Amino acid sequence: MEQIGLMELMKLAAEGVTEAETFAQLTQRLSKTTKTNKPYLDVTFAAAEGNMSIKVWADKAWFPDIASLPIGSFVALSGQWAKGQFGMEVAELNIRPLNEEEKESFLTGSGALREKQNQDLQDIRELTDKIQDPRLRVLCREFLNQYEERLYRTAAARNYHHARRGGLIEHTASMMRLADAIATVTPELNKDLLLAGCLFHDSGKLWENSYPKEDFVMPYSDVGELLGHIPLGIELINSLWKKIMLLPEAESWKTLEPPTADVRIHLLHLIAAHHGELAFGSPVVPKTPEAFALHYIDNLDAKMEMFRNAYDTSEPLSAHVLQKKMPLPGNVVIPLAKINEPPLEPPTENSL
């Protein structure tokens, strides 16, 4: 039986019955009853790419196995999968625990996801190396060298966009590529500052949205709840800044223009203002061109990811219109194809 990733399984199941095996972690199990008092389990499985929920009815042979499976278990699920009236459905389900080698591989994500995130991190490092201001370049390198492993375990959000293990790497890389392009055609922007701002804007999420090394359940932390990622990011920059100022090369920075103190405070402003409005959690509104640019780059990349997710998962309302997916403001429409390229195939009612 073919072994495929969780999200690929869900896409194939939307097109028809698929016989396959997938690796997953049991993250939630709720005992429920239907309106006619028929008992069932509402079960959630997770992988690096996302989550899958299935309903397991009490009359199924595998109900006792699911009911007794410890929360947090890493398992292989094999069966005949389809998407039906109640979401993902499975027939002839078999469950087995993953061995240690399978578990280790599973925790790093599918091959395609690992390859993408590795490339994204390489792009981040290459764009960091393009920063001409030595203070910002050294600061960014120090951050990446110290926290690379944790970046691979951190999501960009709990919901809505890049809400997966390593999603922060994907989001950050995309933003830095956007910043590089935008600053090229908008020369009044300080590209060095903007690139550094993209790298650090969500750095506080390393403590707010980080997954454990061997778990796909994102915990809630005291520091994340009591402070949030913006104050944490500001604290991180200040800590790293003190460290790099003790390096031998820092002596030569004293004569640079703009002054080192100004560079630090402008970078901190980008982090503080990147949500754009006080109502959205920023302690200050954007007050420099780079701060406005960072805010809109962040928002643009998040919205594009939301559209990708909507096209993959939303229910069709017509041939080209799909049901609204929060937090997008309305129903989503299949995009206009580029010239000489086939249009994106919308999902059909029969395939969902």
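Among the residues making up the range 203-236, those that are open to solvent by 40 Å² or more (accessible area, probe 1.4 Å), within 17 Å of the chain's Cα centre (by Cα) and hydrophobic (A, V, I, L, M, F, W, C) are Trp207, Val217. Per the listing Arg141, Arg135, the residue uniquely crowded, with 18+ Cβ neighbours inside 10 Å and either at pLDDT 95 or above or among the aromatic types (Phe, Trp, Tyr) (or both) is Arg135. Residues in the range 163-202 that are assigned to a loop (DSSP other than H, G, I, E, B) and crowded, with 24+ Cβ neighbours inside 10 Å: Arg164, Arg165, Gly166, His201, Asp202. Applying the criterion of being open to solvent by 50 Å² or more (accessible area, probe 1.4 Å) and under 20 Å from the mean Cα position of the chain (by Cα) to the residues of the range 29-57, the residue that is modelled with the highest pLDDT is Ser53.
If you scan the range 237-248, which residues turn out to be open to solvent by less than 80 Å² (accessible area, probe 1.4 Å) and either touching a Gly at 6+ places or on another chain (Cβ under 7 Å) or part of a helix (DSSP H, G or I) (or both)? Matches in the range 237-248: Ile237, Asn238, Ser239, Leu240, Trp241, Ile244. The set of residues in the range 58-85 that are surrounded by 14 or more Cβ atoms within 10 Å (Cβ to Cβ) and in contact with a Phe, Trp or Tyr (Cβ under 8 Å, 6 or more places away or on another chain) comprises Phe63, Phe74, Val75, Ala76, Leu77. Across the range 276-311, the number of residues qualifying as open to solvent by less than 50 Å² (accessible area, probe 1.4 Å) and either under 19 Å from Ala196 (Cβ atoms) or of a type in the set (A, V, I, L, M, F, W, C) (or both) comes to 16. None of Glu19, Glu8 is open to solvent by 50 Å² or more (accessible area, probe 1.4 Å), modelled with pLDDT of 90 or more and either assigned to a strand (DSSP E or B) or touching a Ser or Thr at 6+ places or on another chain (Cβ under 9 Å) (or both) except Glu19. Restricting to the range 249-274, and then to whatever is touching a residue at least 12 places away in the same chain (Cβ under 8 Å) and not in a helix (DSSP H, G or I), can you tell me which residue is farthest from Leu294 (Cα to Cα)? Looking at residues that are touching a residue at least 12 places away in the same chain (Cβ under 8 Å) and not in a helix (DSSP H, G or I), I get Leu256.
Out of Tyr152, Tyr147, report the one residue that is crowded, with 18+ Cβ neighbours inside 10 Å, closer than 19 Å to Ser210 by Cα and among the hydroxyl-bearing types (Ser, Thr, Tyr).
Exactly one of Tyr152, Tyr147 is crowded, with 18+ Cβ neighbours inside 10 Å, closer than 19 Å to Ser210 by Cα and among the hydroxyl-bearing types (Ser, Thr, Tyr), namely Tyr152.
Let's see how each residue does on (1) among the hydroxyl-bearing types (Ser, Thr, Tyr); (2) touching a helix residue (DSSP H, G or I) at 6+ places or on another chain (Cβ under 7 Å):
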residue: Leu246; (1), (2): no, no
residue: Thr255; (1), (2): yes, no
residue: Pro258; (1), (2): no, no
residue: Ala291; (1), (2): no, yes
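The values are calculated or read from the model by the stated rules, or taken from the named source; none is laboratory data. The structure displayed is predicted, hence computed values, not measured ones. As a convention, Cβ positions derive from the backbone with ideal geometry for all residues, glycine included, and neighbour counts pool all protein chains shown. SASA here: full protein model, heavy atoms, side chains in, ligands and nucleic acids out. Shrake-Rupley method; radii C 1.70, N 1.55, O 1.52, S 1.80 Å.
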